[in-house]
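Below you'll find the structure, written out as structure tokens, and then a few comments.
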Amino acid sequence: MTTQAQILNEIDAITVVAARLAAIAGRTDAQRKQDLIAARRELAMRIMTVMTMGDGYRPLRDHPQHYPELRHRVNIMRAAIADHQAKWSAVAIDSDDAAYVASSAAVQAMGRELMGWIRATVMSLPEQA
């Protein structure tokens, strides 16, 4: 069974990956594209982990409003990430770096909002014994 601490730890890990992605977005070195690909993969895996944890965290899963809201918000985030990555593949980011950085910043802001909502929601729910 998933615990509140496990979910919060995973949110912290996502925050670290998101910060790394933001830093990569501002770089221009040759390693940038490889680092971007690796960070994108890690972020996708961690988002899936949070969803799996949410499925296994009974106070959230059994809540009639919060759990559907979690799934809805994560789906919106996934769609935004997919759209961003489709427009800005690792190959395409050199074509217009200012637009890439702006797109990346918008997705990062959405991610921070989502992680904040998940953290606040999970912390608001009493742990079950």
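Derivation of every value follows stated rules applied to the coordinates shown; laboratory data play no part. The structure presented is a predicted model; accordingly, all values stated were derived computationally and were not measured. Cβ placement follows ideal geometry from the backbone for every residue including glycine, while neighbour counts extend to all protein chains displayed.
Tabulated data for the structure shown
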{"quantity": "Potential extension, R27-M110 segment - 0.36 nm per residue separation minus Cα distance", "calculated": "27.8 nm"}
{"quantity": "Centroid-to-centroid separation of segment 1-20 and segment 91-115 [C-alpha atoms, Å]", "calculated": "21"}
{"quantity": "Sorted peptide list for 81-91, 2-12, criterion being average Cβ within 10 angstrom, highest first", "calculated": "2-12, 81-91"}
{"quantity": "Gain on full stretching of the segment that runs from R20 to E42 - 0.36 nm per residue minus C-alpha separation", "calculated": "6.8 nm"}
{"quantity": "Rh by Kirkwood over Cα pairs, then Stokes-Einstein D for segment 43-129 at 0.692 mPa s and 37 °C, µm²/s", "calculated": "229"}
{"quantity": "Check: the chain dipole with +1 on Lys, Arg Cβ and -1 on Asp, Glu Cβ, in debye", "calculated": "120"}
